[in-house]
């Protein structure tokens, strides 16, 4: 089963790289293409911070190194969890696979250029969500799957009661 989970992570990485390359090649930095007026546009930005622009304005010299180190640590932890739980298809393993692929996509950018290309830009009126990318989306969906597994998982007592 593990090969399927690695496959999911590689597909996420591939789609992330493809989308970022298309945006960087076709939309000048800081320019936008309106997709749904008043709601969604593709905007080419480069994020030197963490997810959703956190710490982007920080002048700390070692910020990129710290973000790379944190990403590598996260990859090791997620990979170990995936290896441990990779014997069966479950919401947990799919969530971990999505997180792994997303983390690899953003780590790739940080190592290659010290910044991450973001481009998915949602807004309503003056309310604006920070731009993000395919890798960020995979990480959020993967985390949501893990959280849903925690809240939906049945306790051993419930399982025993339901099978009687």
Packing-ranked peptide list from 84-92, 31-39, highest mean Cβ count within 10 angstrom first, is 84-92, 31-39
Beta carbons within 10 angstrom, averaged per residue: use that to sort the peptides 133-145, 9-21, highest first.
-> 133-145, 9-21
For the residue pair residue 128 and residue 31, what label-to-label distance in nm results when each label sits 7 Å from Cα along the Cα-to-beta-carbon direction?
-> 1.9 nm
Distance in nm between label sites at residue 75 and residue 151, each 7 Å beyond Cα in the beta-carbon direction?
-> 3.1 nm
By how many nm would the segment from residue 113 to residue 141 lengthen if fully extended, with 0.36 nm per residue of separation less the alpha-carbon distance?
-> 7.5 nm
Which of rounded, prolate, oblate describes the range 74-126, given a ≥ b ≥ c as roots of the alpha-carbon gyration tensor eigenvalues and a/c under 1.5 marking rounded, otherwise prolate only if a/b is larger than b/c?
-> oblate
Among 40, 119, which comes first, then next, by fewest other beta-carbon atoms within 10 Å?
-> 40, 119
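Only the coordinates and a few stated rules stand behind these numbers; no lab work does. Remember, it's a predicted structure, so these values are computed and weren't measured experimentally. Heads up, the Cβs are rebuilt from the backbone with ideal geometry, glycines too, and the neighbour counts pull from every protein chain shown.
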